[in-house]
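Visitor: I'd like to ask you about the structure that follows.
The values are calculated or read from the model by the stated rules, or taken from the named source; none is laboratory data. Every value quoted in this text rests on a predicted model; they were computed, and no experiment measured them. Cβ placement follows ideal geometry from the backbone for every residue including glycine, while neighbour counts extend to all protein chains displayed. Heads up: the accessible areas ignore ligands, DNA and RNA and are worked out on the full protein's heavy atoms, side chains in. Shrake-Rupley method; radii C 1.70, N 1.55, O 1.52, S 1.80 Å.
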Amino acid sequence: MAVNKVIYAGKTLIDLTGDTVAEGDVKSGITFHKADGTIVTGTNTYDSDTSDDTAKLSEILSGKTAHARGSKLTGTMANNGAVSGTIAKKADAYTIPQGYHDGSGKVQIADAEQLKLIPENIKSGITILGIIGAYGGEKVTAEAKTVTPSSKEQIIVPTSADYISQVTVKAIPYVESANSAGGTTAAIA
């Protein structure tokens with residue numbers, strides 16, 4: 001016979017009649033008394049109610065386990081460790097791969113491009129990536145050239161300056177003279 005209430009000398013010493021605990025509410029293997037006084041053993045094998053958890057396998061690191069919605073889950077999220085990348089052009093963008101990152105990776109401007117970012121390569125008064133320009137627009141020189149047409153291709157380049165300001169092409173030498181047949185001979189030299 002189970003006892004659920006004990007009264008001694010008019011004083012209630014134990015009263016289980018209002019208890020509402022059930023086996024599933026108590027840790028597995030622990031015994032307790034129900035409201036009717038019977039001894040029962042708990043059946044709960046989890047620490048908390050996971051029925052409303054929202055974790056997805058892709059949000060749990062690959063090979064790691066967790067429990068959600070009453071089931072054991074094994075993660076599938078990639079472990080990328082230290083992810084690093086470089087940017088070499090103005091329009092470049094680095095796409096961060098999906099998954100876990102350990103925090104030690106970095107993305108930076110490529111070394112070859114960093115070497116170009118010096119004050120002498122940036123116009124004075126302009127700041128690019130924290131570097132204040134010092135280039136003052138050094139004087140550049142131009143030269144004019146004159147060429148005579150020929151039957152061969154000619155490439156015109158500056159010889160004593162930074163660029164060519166103009167090229168003058170001489171007129172093609174042309175001479176007409178009377179010939180012994182009573183006509184005109186045209187000579188293009």
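Visitor: Can you say what percent of the DSSP beta bridges in the chain, counting only those with both residues inside, are antiparallel? Round to 5. Show your work: numbers first, answer last.
Guide: Details: 18 of 31 bridges.
The answer is about 60 percent antiparallel.
Visitor: Further question on the same structure: Rounded to the nearest percent, how much of the accessible area of the chain (1.4 Å probe, protein heavy atoms only) is carbon and sulfur?
Guide: Values: 7860 of 14630 Å².
That fraction is 54 percent.
Visitor: Taking 8 Å as the Cα distance limit and 6 or more residues as the minimum spacing, I'd like the relative contact order of the stretch 28-86 as a percentage. The partial results should precede the final answer.
Guide: On the way: 77 pairs, mean separation 13.6, N = 59.
About 23 percent, as a whole number.
Visitor: Let me ask something else about it. In straight Cα distance, which lysines are under 21 Å from K145, not counting same-chain residues fewer than 8 positions off?
Guide: Qualifying lysines at Cα under 21 Å: K170.
Visitor: Further question: Taking all protein chains together and a probe of 1.4 Å, list S160, S28, S180 from the most accessible to the least accessible. Spell out each step's value before the answer.
Guide: Numbers: S160 95, S28 60, S180 130 Å².
Correct descending sequence by accessible area is S180, S160, S28.
Visitor: Tell me, Kirkwood radius of the stretch 16-117 from alpha-carbon pair distances, in Å? Before the final figure, lay out the partial values.
Guide: On the way: mean 1/r = 0.0541 Å⁻¹.
Computed over Cα pairs of the stretch 16-117, the Kirkwood hydrodynamic radius comes out at 18.5 Å.
Visitor: Considering Cα pairs under 8 angstrom that are at least six residues apart, work out the relative contact order of the stretch 4-135 and quote it in whole percent. Don't skip to the end; give the middle numbers.
Guide: Values: 221 pairs, mean separation 15.7, N = 132.
In percent, rounded to a whole number, it is 12.
Visitor: Hey, what number do you get for the chain at 222 nm if only DSSP H runs of n ≥ 4 count, each worth -39500 (n - 2.57), divided across all residues, to the nearest 500?
Guide: Values: 1 runs with 6 residues, N = 189.
Result for the chain, helices only: -500 deg cm²/dmol.
Visitor: Let me have the relative contact order for the stretch 58-189, percent, based on Cα pairs under 8 Å that are six or more residues apart. Working shown, then result.
Guide: Details: 191 pairs, mean separation 16.3, N = 132.
The value is 12 percent.
Visitor: Let me ask you something else. Distance in nm between label sites at S104 and S58, each 7 Å beyond Cα in the beta-carbon direction?
Guide: So the label points at S104 and S58 sit 2.8 nm apart.
Visitor: Which chymotrypsin sites (Phe, Trp or Tyr not before Pro) in the stretch 1-60 pass both tests, a DSSP loop state and at most 14 other beta-carbon atoms within 10 Å? Walk me through the intermediate numbers first.
Guide: On the way: sites: Y8, F32, Y46; in loops: Y46.
In loop regions of the stretch 1-60 (DSSP not H, G, I, E or B), the sparsely surrounded chymotrypsin sites (Phe, Trp or Tyr not before Pro) are Y46.
Visitor: Summing Lys, Arg as +1 and Asp, Glu as -1, what charge do residues with Cβ under 13 Å from the Cβ of V167 carry, V167 excluded? Show your work: numbers first, answer last.
Guide: On the way: positive: K145, K170; negative: E143.
Its environment carries a net charge of +1.
Visitor: With every protein chain present, what accessible area does T159 have (1.4 Å probe, heavy atoms only), rounded to the nearest 10 Å²?
Guide: Taking all protein chains as shown, T159 has close to 100 Å².
Visitor: Can you count the Lys pairs in the stretch 48-112 whose Cα atoms are under 19 Å apart, with each pair 8 or more apart or on different chains?
Guide: On the way: K56/K64; K56/K72; K64/K72; K89/K106; K90/K106.
So the count of such lysine pairs works out to 5.
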